[in-house]
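The values are calculated or read from the model by the stated rules, or taken from the named source; none is laboratory data. Just so it is clear, the model here is predicted, and its values are computed rather than measured. Virtual Cβ from ideal backbone geometry, glycine too; neighbours counted across all protein chains shown. To get the accessible areas, we keep the full protein, side chains included, count just its heavy atoms, and leave off ligands, DNA and RNA. Shrake-Rupley method; radii C 1.70, N 1.55, O 1.52, S 1.80 Å.
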Amino acid sequence: METSATFMYLAALAGVFLLPGPDMALVIATGAARGAGIALVTALGIAASRAMHVLMSGLGLAALMAAHPGALQLVRWGGAAYLVYLAVKVLRADLSLDAVGAVAPTPGASFVRGFLTNLLNPKALLFCSLFLPQFVSAGGASVPMQYLWLGTLLVLTGLFFDAIYALLAARITRRVKSKSGAGKYVLPTVFVVLAGRLVAS
């Protein structure tokens, strides 16, 4: 994968991980309610689930391409349509915590919650299946090797953004609580700031 293509891929991933969703909401809620440590464990669970999605989508794509090489073009068109859908969703994003539920109190439970929140989201597997092929080169290295590289970047980039959300949520909550005791307003404030960032981007 060329350097320019890698930067384009990372830029696309950054845009995806700035999109509000259940993973972001869970990490922020955990960081605000339980602190950075537990939130980072939750982020690790999400990262493990993303790796599973990459593996499942990669195996499926490799088998599909081996049987029907022309199917890659269909996947590309489907991926393009899905990326347009993501662009529209950014403009209409709802930052509510309805899908988050109660925050897990222990590291083990937090890891499992993060893992299952992502693993049981069918859109996450669909995303991997449609997004990654956009950056697979037919004339490059073998498809499994390209998928391994792309998947590794996806998991690490997602973990990077989740870690930032966890640390920021924990830090802002700690400062607000120490100054005014208005901790209950932290999550709404964080979500409004994220919404403003999405509109401005």
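Computed values, structure above
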quantity: All helices (runs of 4 or more DSSP H) inside the range 89-201 with 2 or more residues being modelled with pLDDT of 75 or more, out of contact with any His (no Cβ under 7 Å at 6 or more places or on another chain) and open to solvent by less than 70 Å² (accessible area, probe 1.4 Å); calculated: 107-119, 122-131, 143-179
quantity: Residue check, Ala12 in contact with a helix residue (DSSP H, G or I) (Cβ under 9 Å, 6 or more places away or on another chain), at pLDDT 65 or above and not β-branched (Val, Ile, Thr); calculated: yes
